[in-house]
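Asks: Below is the structure I would like to discuss, written out as structure tokens.
The values are calculated or read from the model by the stated rules, or taken from the named source; none is laboratory data. Predicted model only: the values in this text are computed from it and were never measured. Here the Cβ positions follow ideal geometry from the backbone for every residue, glycine too, while neighbour counts run over all protein chains shown.
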């Protein structure tokens, strides 16, 4: 094979290396700079993360505060009334019902009903129907 | 000449200048990874990230190109060490010797591929010194700076690399 490229001359060796590496670089071109460059896009891409974390934390704080501090007084009192009513009902249904102090009965106020009751104004029953 | 936006953590670096050096950086990353394109891209990206975040600081003592080459080379070396450790562990477990598969770039003429094979067969430092001096027109002193070795050591790798490359190419030529 007639191949004068690889002799003992540095310049020839250098040329062979240069040509080969240049051929490699042509065969494997560099990716576009913006594809590899992490500079400007990165902070903008991830900017929503702190905002999201802040929003979630704020929501959690508001929810916990509402549960322990912000509940209306009527709502927190309701279990207390229910306990008193249960106690009174138990005492009245016992054989010693007559021992229940009258003051307690007078002072008792039943908690308001939460269920909707039908209004009597909505009923129109004729006399015939009422007799049947 | 600085004419573009400066990097926040590396104020001496102009982004447009980096962009101009991008192809050379990728080519050097290819050499550091022995022609593995995906690895070269990863290493280049890691190097750029280090530059953007200021983990690697350019002090202006050398040219930006040689400094970038040394950053890329350091990333390639640490990655290569990590990969080698993993491979050695795997080899111990599976009881086989690590053996790099022959690698050829598609689309490279046969004669050039032969030289590339001979270059890759050289010890890593010899390969890198020859690449920097022959292909990128750097001095042996600059190559020594990039590789983090003394001038005397770089000169030794250069001389031995040339001799070894000539011998390998002669062997290839004489082989059937």
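Asks: Looking at residue B:154, is it modelled with pLDDT of 80 or more, away from every other protein chain (no Cβ under 14 Å) and either surrounded by 19 or more Cβ atoms within 10 Å (Cβ to Cβ) or farther than 18 Å from residue B:35 by Cβ (or both)?
Replies: It is true that residue B:154 is modelled with pLDDT of 80 or more, away from every other protein chain (no Cβ under 14 Å) and either surrounded by 19 or more Cβ atoms within 10 Å (Cβ to Cβ) or farther than 18 Å from residue B:35 by Cβ (or both).
Asks: I need a count of the residues in segment B:7-17 that are within 8 Å of chain A (Cβ to nearest Cβ) and touching a helix residue (DSSP H, G or I) at 6+ places or on another chain (Cβ under 8 Å). Break it down into steps so the answer makes sense when it comes.
Replies: The initial filter retains those residues of segment B:7-17 that are within 8 Å of chain A (Cβ to nearest Cβ), namely B:7, B:15.
Okay, now just the ones that are also touching a helix residue (DSSP H, G or I) at 6+ places or on another chain (Cβ under 8 Å), so B:7.
Qualifying residue count for the region: 1.
Asks: Let me ask something else about it. What about residue B:78, is it within 22 Å of residue A:22 (Cα to Cα) and under 16 Å from the mean Cα position of the chain (by Cα)?
Replies: Answer is no for this residue.
Asks: How many residues, within segment B:19-70, are outside any helix (DSSP H, G or I), facing another protein chain (nearest Cβ under 10 Å) and free of Cβ contacts under 8 Å to residues at least 12 places away in the same chain?
Replies: 0
Asks: If you don't mind, another one. Which of (1) within 16 Å of residue A:13 (Cβ to Cβ); (2) more than 9 Å from chain A (Cβ to nearest Cβ) does residue B:114 not meet, given it meets every other one?
Replies: Against the list (1) within 16 Å of residue A:13 (Cβ to Cβ); (2) more than 9 Å from chain A (Cβ to nearest Cβ), residue B:114 comes up short only on (2).
Asks: Separate question: Residue under question is residue A:111, and the condition is that it be over 30 Å from residue B:4 (Cβ atoms), modelled with pLDDT under 85 and out of contact with any helix residue (DSSP H, G or I) (no Cβ under 7 Å at 6 or more places or on another chain); does it hold?
Replies: no
Asks: Taking segment B:106-127 as the region of interest, how many residues are under 22 Å from residue B:77 (Cβ atoms) and either assigned to a loop (DSSP other than H, G, I, E, B) or modelled with pLDDT under 90 (or both)?
Replies: Number of matching residues: 2.
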